[in-house]
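Take this structure, written in structure tokens, and hold onto it; I'll ask about it next.
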Amino acid sequence: MSQSRSHPSPHVAKASLQPGAAEVARQVRYLAAQAQGDTVRLAPAMARAILDTCNWQGQRPINPHRVERTRRWIEQGQWIGATSIIEFAMTPDQRVYLVNGQHRLTACLLTGQPIEVRLNIVPCDDMAAVRQLYACHDRDDGRRTKGEVLDAIGIAESIGISRAGARSLYDALGFLRNGLEPPGNAAAAADARDADSRHAQMHDWAREAGHWEGIVAAAPAPVQRSLRRAGLTAVALYTLRHCAAKAQTFWRGVAEDDGLRRGDPRKALLIDLACRALNAGGARLTVLQPVAAWNAWHARRELRSIRIREDDPLVIAGTPLGVRRG
């Protein structure tokens, strides 16, 4: 059902045929200020002007299915402007950047009909803050994909690792923030929404992530995929932080497999990585598996096969988790 209104008509946003970015930014600021949280009737010409001059370049590509769905809502009278917020970032030079709403504005263009929306402008100190703001937004039908969030905040470039490495670090943080234990579903969901915190903590692990990136690069492609599993990456980063020299030797041996003999715990880990169906067990096994090999190697014990259970204690030799708890 379309929304009925008992108060005066909303502010009407119009645009000249080809206004410049500064003019569009001025109109957006003016409309948001005048509306004071009320809805604005946004004409297709204004939607076009915003998309042409204010759309932040880090936006993900348009998803035609989302646009088509929104177009149907508008044309069938199911659009509710009070619940639709178009959000902009505003930098100190008064420029505005569209960070949430490009699919709705595109649908508005396709229908040729004005739509009611709320305009929200968020002050940002710099473009890094603009990226952070973009990364915090959800999709209507679920969260932005991990890759879209990481690309938006530019974390791989800022840390100096590959996109695959950034994704692996992103996933590993769930374990690292929880004492190497798998995060519960509720905690994982809340953590995923906390983009600012996740971004900051990825930088906190930048040194170890850089070392890990170099180690993983030395492995064959199939082994690289195994080494990038979240639980294993978390153990690798944790040992690289707390037992750096030994961890470098251990993990490089695993990655390079330069004549490792049977009985070497690093060889046992490689064999187990190739054979174990980890998806048949819980996430905790993805941590206990490399930990078993690390502990044996650290103690200079021979290990031919890895035998672990979900309820095994989590003890990582040479680190703050090196003492059995409970």
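The values are calculated or read from the model by the stated rules, or taken from the named source; none is laboratory data. Note that this is a predicted model, so its numbers are computed, not measured. Methodologically, a virtual Cβ is constructed for each residue, glycine included, from the backbone with ideal geometry; neighbour enumeration extends over all protein chains shown.
When residues of region 87-112 are filtered for being touching an Asp or Glu at 6+ places or on another chain (Cβ under 9 Å), of a type in the set (Gly, Ala, Ser) and in a loop (DSSP other than H, G, I, E, B), how many remain?
Residues in region 87-112 being touching an Asp or Glu at 6+ places or on another chain (Cβ under 9 Å), of a type in the set (Gly, Ala, Ser) and in a loop (DSSP other than H, G, I, E, B): 1 in total.
Given (1) surrounded by fewer than 18 Cβ atoms within 10 Å (Cβ to Cβ); (2) at pLDDT 90 or above; (3) touching a strand residue (DSSP E or B) at 6+ places or on another chain (Cβ under 7 Å), identify the lone condition not met by residue 120.
With (1) surrounded by fewer than 18 Cβ atoms within 10 Å (Cβ to Cβ); (2) at pLDDT 90 or above; (3) touching a strand residue (DSSP E or B) at 6+ places or on another chain (Cβ under 7 Å) applied to residue 120, the lone miss is (2).
Looking at (1) in a loop (DSSP other than H, G, I, E, B); (2) out of contact with any helix residue (DSSP H, G or I) (no Cβ under 8 Å at 6 or more places or on another chain); (3) surrounded by 14 or more Cβ atoms within 10 Å (Cβ to Cβ), which is the one condition that is false for residue 26?
For residue 26, the exception is condition (1).
Here's a follow-up. Which members of region 76-112 meet the condition of being at pLDDT below 85, of a type in the set (A, V, I, L, M) and farther than 20 Å from residue 29 by Cα? It would help to see each step written out before you state the result.
Step one: list which residues in region 76-112 are at pLDDT below 85, which gives 76-85.
Narrowing the set further to residues that are of a type in the set (A, V, I, L, M) leaves 80, 82, 85.
Correct list: 80 only.
Residues are listed down the side, and each one gets a yes or a no for (1) modelled with pLDDT of 80 or more; (2) not assigned by TED's automatic domain parsing to the domain that holds residue 93:
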{"position": "2", "(1), (2)": "no, yes"}
{"position": "20", "(1), (2)": "yes, no"}
{"position": "25", "(1), (2)": "yes, no"}
{"position": "38", "(1), (2)": "yes, no"}
{"position": "45", "(1), (2)": "yes, no"}
{"position": "50", "(1), (2)": "yes, no"}
{"position": "54", "(1), (2)": "yes, no"}
{"position": "58", "(1), (2)": "no, no"}
{"position": "62", "(1), (2)": "yes, no"}
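Let me ask something else about it. Mind telling me which of the residues 313, 290, 320 ends up being in the same structural domain as residue 179 (by TED's automatic domain parsing) and either part of a loop (DSSP other than H, G, I, E, B) or under 28 Å from the mean Cα position of the chain (by Cα) (or both)?
Criteria check complete, one pass: 290.
Give the residue that is modelled with the lowest pLDDT, with candidates limited to residues of region 142-179 that are farther than 19 Å from residue 227 by Cβ and hydroxyl-bearing (Ser, Thr, Tyr).
Among those that are farther than 19 Å from residue 227 by Cβ and hydroxyl-bearing (Ser, Thr, Tyr), it is 145.
Here is a further query. Does residue 239 satisfy being at pLDDT 90 or above, surrounded by fewer than 22 Cβ atoms within 10 Å (Cβ to Cβ), in the same structural domain as residue 286 (by TED's automatic domain parsing) and of a type in the set (Ser, Thr, Tyr)? Spell out the reasoning first.
Working: at pLDDT 90 or above: yes; surrounded by fewer than 22 Cβ atoms within 10 Å (Cβ to Cβ): no; in the same structural domain as residue 286 (by TED's automatic domain parsing): yes; of a type in the set (Ser, Thr, Tyr): yes.
Taking the combined requirement at face value, the residue does not satisfy it.
Hey, another quick one. Cβ contacts < 8 Å: first residue within 10 Å of residue 74 (Cβ to Cβ), restricted to region 88-114; second residue surrounded by fewer than 16 Cβ atoms within 10 Å (Cβ to Cβ), any location; separation 6+ or different chain. Result?
Taking only residues 6 or more apart or on different chains, the pairs are 107/68; 111/75; 113/75; 114/12.
Ok, one more. Among 218, 296, 234, which is buried (at least 18 other Cβ atoms within 10 Å of the Cβ), of a type in the set (A, V, I, L, M) and closer than 21 Å to residue 168 by Cα? Outline the logic, then answer.
Numbers: 218 fails: buried (at least 18 other Cβ atoms within 10 Å of the Cβ); 296 fails: closer than 21 Å to residue 168 by Cα.
Answer to the selection: 234.
If you scan region 237-272, which residues turn out to be touching a Phe, Trp or Tyr at 6+ places or on another chain (Cβ under 8 Å) and outside any helix (DSSP H, G or I)?
264
To continue, here is another question. Scan region 42-86 residue by residue and report those that are crowded, with 19+ Cβ neighbours inside 10 Å and in a strand (DSSP E or B).
42, 86
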